[in-house]
Amino acid sequence: MIRTMITATNTLGQLQSQIDTISHNIANSNTTGYKAREARFSELLYQQFENDQLDPTVRQSPVGIRYGVGAHISQIQMNTKQGSLQLTDRDLDFAFTKENQYFNVIMPDGVNGQRTAYTRQGDFYVTPVAAGQVMLVNNEGYAVADSNGNAISFPDNMKNFNLSEGGTLLVNYPDGTSLNFELAVTQIQKPQSMEQLSGTYIALPTNLDELGLTEADLYTDLLGAARTQVGMTNQKIEMSNVDVSKEMTDLINAQRSYQFSSRAITIADQMLGLINGIR
């Protein structure tokens, strides 16, 4: 009975994490550029009992009895599928038309001062930073980086914005002049190996050496001639790729599994009570 309770308890905590992941997906179903996450389960260690005589009958299952101790989440995988594009007619709304390409934003970091984070969320704004100067930021106030890794700032008397080929932002002024800024674009080869931050952000993991990976294994900054590979449009935003109907189905299944595991603990406790009550 104790072992039954331990097995059910092990699984309960992991099912709660799955429910939290699904709830996070549903809450971000309308978040620009959000990519759905999915919890993948695998078995924990099991014990093999082989105290029975060898059965000569052909069988498909392993010989003996395997007694498991529950399941755990082996990976929370990100769905990198392209989301639908929504027309906004706003000059500072940008969206990628190719999968696995990301904007670079400069995010504060308590250890190194700042770090580069990657996001598909392309609704940008301008905010004052000095007298007569504004900076390009995202909806959370993080600076958008150019292809050199620097924050993009320019005089505040601009007229409008345009996007040219290769992901170059054109800032147009009333006198007919323009400033050009190459928006930093990163092609991420292994999104699942990146560190998942809050919201739509991912970043380079801090344990690259332990993973046996290098930066070149994970991503490529599209620079120079590689800018022709950039697939970007403006006056549109990429919507979340969350399938709400699928998430609701997964949520019901996870809650039912949670209920069964809870019931197993209750029944085991009742049986222990009966055993302890025998005189």
L211 touching a helix residue (DSSP H, G or I) at 6+ places or on another chain (Cβ under 9 Å) and either surrounded by 13 or more Cβ atoms within 10 Å (Cβ to Cβ) or more than 26 Å from N241 (Cα to Cα) (or both) | yes
Of the numbered conditions (1) modelled with pLDDT under 80; (2) of a type outside the set (A, V, I, L, M); (3) exposed (fewer than 11 other Cβ atoms within 10 Å of the Cβ), E43 satisfies every one except a single condition; which is it?
-> (3)
Could you please give the count of residues in segment 96-117 that are surrounded by fewer than 12 Cβ atoms within 10 Å (Cβ to Cβ) and under 11 Å from E238 (Cβ atoms)?
-> 0
Members of segment 83-99 found to be under 13 Å from N241 (Cα atoms) and hydrophobic (A, V, I, L, M, F, W, C), listed by number = L85
Qualifying strands (runs of 3 or more DSSP E) (wholly inside segment 151-256; at least 3 residues being free of Cβ contacts under 8 Å to residues at least 40 places away in the same chain and not assigned by TED's automatic domain parsing to the domain that holds S23) | 153-155, 168-172, 178-182
Does segment 130-147 hold any residues that are within 28 Å of Y34 (Cβ to Cβ) and not hydroxyl-bearing (S, T, Y), and which are they?
-> V134, M135, L136, V137, N138, N139, E140, G141, A143, V144, A145, D146
Quick one: which of S153, S198, S147, S193 is surrounded by 15 or more Cβ atoms within 10 Å (Cβ to Cβ) and within 20 Å of the chain's Cα centre (by Cα)?
-> S193
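The values are calculated or read from the model by the stated rules, or taken from the named source; none is laboratory data. In this text, all values refer to a predicted model and were calculated from it rather than measured experimentally. Don't worry about glycine lacking a Cβ; one is built from the backbone with ideal geometry, like all the others, and counts go over all protein chains shown.
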